[in-house]
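Novice: Dropping a structure here in structure tokens format, bear with me for questions.
The values are calculated or read from the model by the stated rules, or taken from the named source; none is laboratory data. Everything numeric in this text was worked out from a predicted model, so none of it was measured. Positions of Cβ are backbone-derived with ideal geometry, glycine not excepted, and every protein chain shown enters the neighbour counts.
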Amino acid sequence: MNTIESNENSHSNEMYKDEFVGKAISYLYRYGQIYIGTKIEPYGIGSGQFPFLMKLYHEDGINQESLSDYLKIDKGTTTRAIQKLVDEGYVFRQRDEKDKRSYRVFLTEKGKKLEPDMRKIVSEWVDILFFGFDDNQRRETKNSLEIMFENVSKIM
């Protein structure tokens, strides 16, 4: 193989590797949705409501608009997701005292009792993702993903 063919193949391989990054991220997201969706189905929660519930475990009483902003999800989708959690009895909405036009979202006792189960599901998924990684590889991967997230956040 001559140098030109070698360079073309190398360039082609690099393009494939670049495409693979997006494909891998997409697959991991979809597989994560399937895995988590299957695990939370018995609780009457869909994968679309799960991130809202997890954020509430970190910040109970958060403003509904702030939930949308944090999760990068439009307000209409947020409203529907929260309503499903309300219907299942996991959260309730209350008018924001400071801004009467908006709502704060709070966990009910039923929602709070789910926290250990929900955290276990997340932990199991992370264990699957990082199976075979040493501590250094885990740390480097998390750092790389954080940098990618920051890069995208700057331009969006």
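Novice: Considering region 25-47 alone, what residues qualify as being of a type in the set (Val, Ile, Thr), in a helix (DSSP H, G or I) and surrounded by 12 or more Cβ atoms within 10 Å (Cβ to Cβ)?
Specialist: Passing the criteria: Ile25, Ile36, Ile40.
Novice: Would you kindly identify the helices (runs of 4 or more DSSP H) lying entirely within region 78-156 that contain at least 1 residues that are β-branched (Val, Ile, Thr) and without any contact (Cβ under 8 Å) to a residue 40 or more places away in the chain?
Specialist: Output list reads 115-129, 135-155.
Novice: Now, a different point. Return the residues of region 48-61 that are crowded, with 17+ Cβ neighbours inside 10 Å and either assigned to a loop (DSSP other than H, G, I, E, B) or at pLDDT below 95 (or both); say none if nothing qualifies.
Specialist: Gln49
Novice: Filter region 93-117 down to the residues that are of a type in the set (Asp, Glu) and more than 22 Å from the chain's Cα centre (by Cα), then identify the one that is farthest from Ile62 (Cα to Cα).
Specialist: Glu109
Per-residue answers, yes or no, for (1) in contact with a Ser or Thr (Cβ under 7 Å, 6 or more places away or on another chain); (2) at positive phi; (3) of a type in the set (Lys, Arg); (4) not assigned by TED's automatic domain parsing to the domain that holds Ser26:
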position	(1), (2), (3), (4)
Gly89	yes, yes, no, yes
Val105	no, no, no, yes
Gly132	no, yes, no, yes
Thr141	no, no, no, yes
Phe149	no, no, no, yes
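Novice: Inspect region 102-113 for any residue being touching a Pro at 6+ places or on another chain (Cβ under 6 Å) and at pLDDT below 95 and give the result as yes or no.
Specialist: Checked region 102-113: no residue is touching a Pro at 6+ places or on another chain (Cβ under 6 Å) and at pLDDT below 95.
Novice: Check region 86-94 and report whether any residue there is at pLDDT 95 or above and of a type in the set (Ser, Thr, Tyr).
Specialist: yes
Novice: Of all residues in region 50-67, which are touching a residue at least 40 places away in the same chain (Cβ under 8 Å) and over 13 Å from Glu115 (Cβ atoms)?
Specialist: Phe52, Gly61, Ile62, Asn63, Gln64
Novice: Before we move on, is Lys23 modelled with pLDDT under 95 and basic (Lys, Arg)?
Specialist: yes
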